């Protein structure tokens with residue numbers, strides 16, 4: 001079978017699935033202009049044909065659908081030459097002469113565009129106007145929120161309202177699942193993973209709640225506006241062999257059928273190139289597995305929060321700016337983050353108490369298992385049931401959960417995805433994790449606030465005034481801010497320590513922090529305020545229960 005015939009066969013399957021229109025079955029004949037002829041009419045004809053044959057726009061960049069990979073690739077002039085040969089019938093008129101040399105008819109002689117002509121076609125306004133803008137490609141049917149507030153699964157094919165292309169798949173959703181059955185599927189599926197904060201009686205944990213949110217986020221991107229930011233999901237463990245990578249992949253395989261990871265990059269330039277490529281290809285998931293260095297990156301910070309992405313084409317200096325909505329997954333042991341990464345991330349914590357070789361699994365979850373259509377369908381059906389339960393509310397405003405936490409910068413995501421998790425009974429995925437992480441100042445300051453709150457609760461006092469020396473003595477006794485605290489020979493704090501502490505605590509004046517004091521049934525949440533905003537008193541620091 002020739003390459004052209006193979007293309008036609010693939011197109012026929014896509015037509016039958018509704019991804020491409022019926023006109024795709026035949027390669028439309030298009031006459032190439034003579035040397036020096038007009039380019040615009042040719043660009044218009046090719047543009048119309050390409051708009052029905054897997055070509056889309058990202059910003060003003062023509063992209064074509066790689067049907068074997070199910071992803072977008074840039075349609076460069078060199079690629080356009082062969083793409084047109086495969087999908088169009090380009091020809092030049094060829095005279096048919098009789099024995100006397102007279103032209104009696106005209107035949108169509110197949111021909112290719114030159115790279116120079118292809119370059120002119122690709123930048124022609126008439127070519128670009130005919131292409132469809134695309135937000136992303138979905139490997140399975142996923143839900144969208146319509147303008148009237150209705151929630152529905154997209155059909156296979158291109159949806160003009162959402163600008164989403166849904167590829168054909170074998171996944172069939174079980175629409176009969178109850179909420180209880182869907183919840184049981186997810187709890188049972190992940191019960192062998194060592195979530196650090198699991199309740200052994202119920203099987204529930206904060207980390208499981210975050211993982212369910214991580215599964216829902218790429219599945220529910222169609223419920224969010226294009227400008228909505230989504231948090232980064234960080235899977236961390238205390239040792240190798242915890243299962244963090246395969247747990248992370250269990251959020252990827254259901255929605256896209258693959259779980260390929262990208263190199264995190266040894267420096268900012270390499271990482272930026274990875275993010276540029278993902279944005280231009282309209283990828284909805286980026287996965288960095290087993291990251292070995294600290295998660296400190298200005299490029300990654302922008303990536304998580306910016307709805308538009310400015311980048312450069314690979315191998316050139318020409319820039320682009322495209323709409324981006326992508327979920328970032330990271331797996332790492334002994335995670336180290338800066339404050340920005342902490343604020344923009346949700347954490348799934350795994351903790352192995354015994355030798356990893358002694359672990360036993362009721363379900364042997366690995367890559368081949370997660371790739372199975374029946375496994376993907378079971379997980380996707382459970383997720384869709386959770387969404388349907390949340391969507392049963394009459395309108396968007398009615399779906400909000402009163403009193404539920406929201407993450408600053410991720411308000412819409414909090415109301416939708418975190419709301420779905422909460423409504424399904426998995427708890428609050430925005431609850432702060434108990435494990436210490438992050439930079440020393442952030443981590444130790446949180447511990448200090450908890451210690452001060454506990455002192456107040458135990459003393460029964462509403463407020464306590466402390467000198468800077470008293471605060472530092474408490475921190476020193478609890479081994480907090482170890483790299484910052486330094487005493488002189490007489491026992492007094494050295495000047496660099498006092499200078500740092502005065503500046504650091506001044507930044508916290510007037511701030512309020514919610515902390516949990518006590519454990520189990522005796523646990524209670526209190527709000528602590530440190531100092532008063534605008535206070536001129538530098539000798540005393542008020543710690544107050546609000």
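Quick note: the coordinates plus some simple rules give every number you see, no bench work behind them. Because the structure is a prediction, the values reported are computed rather than measured. With ideal geometry, Cβ positions are generated from the backbone for all residues, glycine too; neighbour counts draw on all protein chains shown.
Spatial offset of the range 94-128 relative to the range 286-325 amounts to 43 Å, using the alpha carbon center of each.
Label residue 364 and residue 187 with points 7 Å out from Cα along Cα→Cβ: what is the distance between them in nm? Using points 7 Å along Cα→Cβ, the separation is 2.8 nm.
Rounded to the nearest 0.05, the FRET efficiency derived from the C-beta distance between residue 266 and residue 442 at R0 = 25 Å is 0.50. The modelled label-to-label distance for the pair residue 393/residue 174, using points 7 Å beyond Cα in the direction of Cβ, is 2.7 nm.
Compared with the dominant Cα axis of the chain, that is its longest principal axis, helix 268-280 is turned about 50°. Fewest neighbouring Cβ atoms within 10 Å first, the residues 347, 89 line up as 89, 347. Modelled spin labels at residue 66 and residue 321, positioned 7 Å past Cα toward Cβ, are 2.8 nm from each other.
When 389, 211 are ordered from fewest to most other Cβ atoms inside 10 Å of their Cβ, what list results? Don't jump to the answer; show the numbers that get you there.
Working: 389 18, 211 26.
By the 10 Å Cβ count, ascending: 389, 211.
Cβ crowding within 10 Å ranks 313, 64 as 313, 64, fewest other Cβ atoms first. Does the range 179-423 come out rounded, prolate or oblate by the C-alpha gyration tensor, with a ≥ b ≥ c the root eigenvalues, rounded set by a/c under 1.5 and, if not, prolate when a/b is larger than b/c and oblate if not? Here the range 179-423 falls in the oblate category.
Give me the percent relative contact order of the chain, please, defined on Cα pairs under 8 angstrom at least 6 residues apart.
Values: 907 pairs, mean separation 69.9, N = 546.
Result for the chain is 13 percent.
When only alpha carbons are used to place a centre, the range 189-229 and the range 46-62 end up 37 Å from one another.
Counting alpha carbon pairs within less than 8 Å and at least 6 residues apart, what relative contact order, in whole percent, applies to the range 16-159?
Working: 202 pairs, mean separation 41.8, N = 144.
Over the range 16-159, the number comes to 29 percent.
The helix-only estimate of mean residue ellipticity at 222 nm for the chain, built from DSSP H runs of length n ≥ 4 each weighted as -39500 (n - 2.57), is -10000 deg cm²/dmol after division by the residue total.
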